[in-house]
Every structure is written in C-alpha cells, then in structure tokens.
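Asks: Okay, handing you the structure first.
Every number here is computed from the coordinates shown, using simple stated rules; none is lab data. Owing to the predicted nature of the structure, the values given are computational and were not obtained by experimental measurement. Quick reminder, even Gly has a Cβ in these numbers, built from the backbone with ideal geometry, and neighbours come from all protein chains shown.
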Amino acid sequence: MPLLKSLTGKNTESSAAFRLKGGLFPLTLLEISHYDRTEFEQQLQDKAAEAPIFFKQTPVVLSFEEFDGELSTLPLSELVEICKTHGLLPVALRNSNAALQDEAKQISLAIMPVGRVKPNADKTASDTAPTATEDASAAPAAEHIGEINPNSSPSKIVTTPIRSGQQVYAPGGDLIIMASVSAGAEVLADGNIHIYGALRGRALAGVRGDTSARIFCQSLEAELVSIAGNFKVDEDLRKDHWKSAVHASLDEQTLCITPLV
C-alpha cells in the first residue's frame, strides 16, 4: 500500500497542469473613424437591434487606424464600457499610437499588429502559412478531414461533411468542401471558399485581408459569412436568397450576396 501511494504521488507531480496550443479564432474588427459618446452609443445600439444574436458576448478588436481626431484625448475606458453595455467584449487594440497602447495595457487590452500584408497570388501555402512569431490568432488549429492531395496545390479539398464544433482552415489558398457545413462548424481560408452543399455554420474567406476573396455555396443557411473582416449574420442573410445557391463578394466595404448562376 505505501508503494502504491508513492507511485500515485509521483504521477500527479509529473503531469502538466496546462499546455499551449495555437488556434485560429477570427475576431471582429471594430474600426472607429471618429468618436462622440452620444453618436457612438446610439449607432451601436441601433446596430445591436438589427443583429441581437451577434451582440452577445462577442469579442472585438478596436481599430483606430482610420481615426480622424486626436487620439491622446480619446476616452478609451469609456468607449470600452459602452461596447460592453451593448454586448461587445473588446479584447485587443490595433493602433501604433504609443499613448493609446499604454492606456490599453492599463485596462488589460492586448496589442495587435497594425494591418496585415495581403497574400500574393503566386505564393504557395507554405509561403503564407502562419509562423511561430505571428500572433496566436493566426496560428491554425484546423482539423484535416478527408483531404485530397493536400500538398499538390495551395487549395485544400475536403470530401467529408464538416460537423458541429469542427474548424477547417486553408492557409495561403482556397478551401473546397465537397459536402455540407453543419451549424456550429467553422470554415476559413486565406482565399476563396467553395461549398458544394449547404452552409449552415460560419464561413470566413480572405481572413488575412484579401478583399478579392469570395464565398460560393449551394444553399445559404449560414450563421455568419465574412470576407476580409466584413460580415453578415443570419438575421441579415435571411432577408434575401436564403436556402439558395449564392455567391458572396465585396463591393468596396459592402458584403454582397447574389444568386449563383
């Protein structure tokens, strides 16, 4: 009995309490062009009324790269509290202003790199794959499910359905899914996304900022579609072309959904 107790104690001491893993978790970018408390709060309230499901504990990155005003006088803490009141959870800041970064650190916001270079079309998947020096949000933990010749081209081809809770990412190219994407699943690509079935989960194309990326699916039933950070949630998507074959693309900063013909 004493021997058994000794061995048990040794195993407990040697087991790791945690481990660090990279994961690809797309975050919504809240780009703020100017700030007036009354105006900002009212517009945020109106947007939350349009898409109440989206505004429920949604993590966002605050971006001030296009801000027109004096950042040194910006009440960042006040802005963060307004976001939280309406269901958004600011988790990071994206701006090179040193004073703003210092204030962000004081209220426990992470600092994200400023902008990303769009991937070149002639690069291979290995050229554009995230490295260990990039931020954790760009390190994929995607599952490799039913792939065909994954090293033959920048595109990733998946032949099996994507189940709820699964995440599939195609770095450096297109993602082609020869089946459906279930609710609660997430598919992401640096390039285009092609779904030869129903899209019921989340699809995010151009995740590294490629505004020319597109999404194609045979039946639009999605929780969210996004191209280069511009997105629509199911409340918006149900208005037109629901359960139809569609093509999603960007027209400047507007996400457009059109019939697939």
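Asks: Taking H as built 1.01 Å from N, whose amide H comes closer than 5 Å to the amide H of I195, not counting residues under 5 places away?
Replies: I177, F216, C217, Q218
Asks: Of R94, R37, how do they rank once you tally other Cβ atoms within 10 Å and put the fewest first?
Replies: Placing the least packed residue first, the sequence is R37, R94.
Asks: Related question: Taking the Cβ of each residue in C217, C83, C256 as the centre, tally the other Cβ atoms inside 10 Å and list the residues starting with the fewest.
Replies: Taking fewest neighbouring Cβ atoms as first place, the list is C256, C83, C217.
Asks: Listing E186, E50 from the residue with the fewest other Cβ atoms within 10 Å to the one with the most, what is the order?
Replies: Least to most surrounded, the residues fall as E50, E186.
Asks: Could you tell me the largest-minus-smallest coordinate of the C-alpha atoms of the range 201-250 on each of the three principal axes, in descending order and whole angstroms?
Replies: Extents along the principal axes, in whole Å: 27, 18, 16.
Asks: Same structure, new question: Taking 2.2 N^0.38 Å as the expected size of a compact globular protein, what ratio does the Cα radius of gyration of the range 153-248 give against it, to two decimals?
Replies: Output field value: 0.94.
Asks: Could you calculate, for the range 28-111, the ratio of the Cα radius of gyration to the Kirkwood radius, expressed as Rg to Rh?
Replies: Numbers: Rg = 12.2 Å, Rh = 12.9 Å.
So for the range 28-111, dividing Rg by the Kirkwood Rh gives 0.94.
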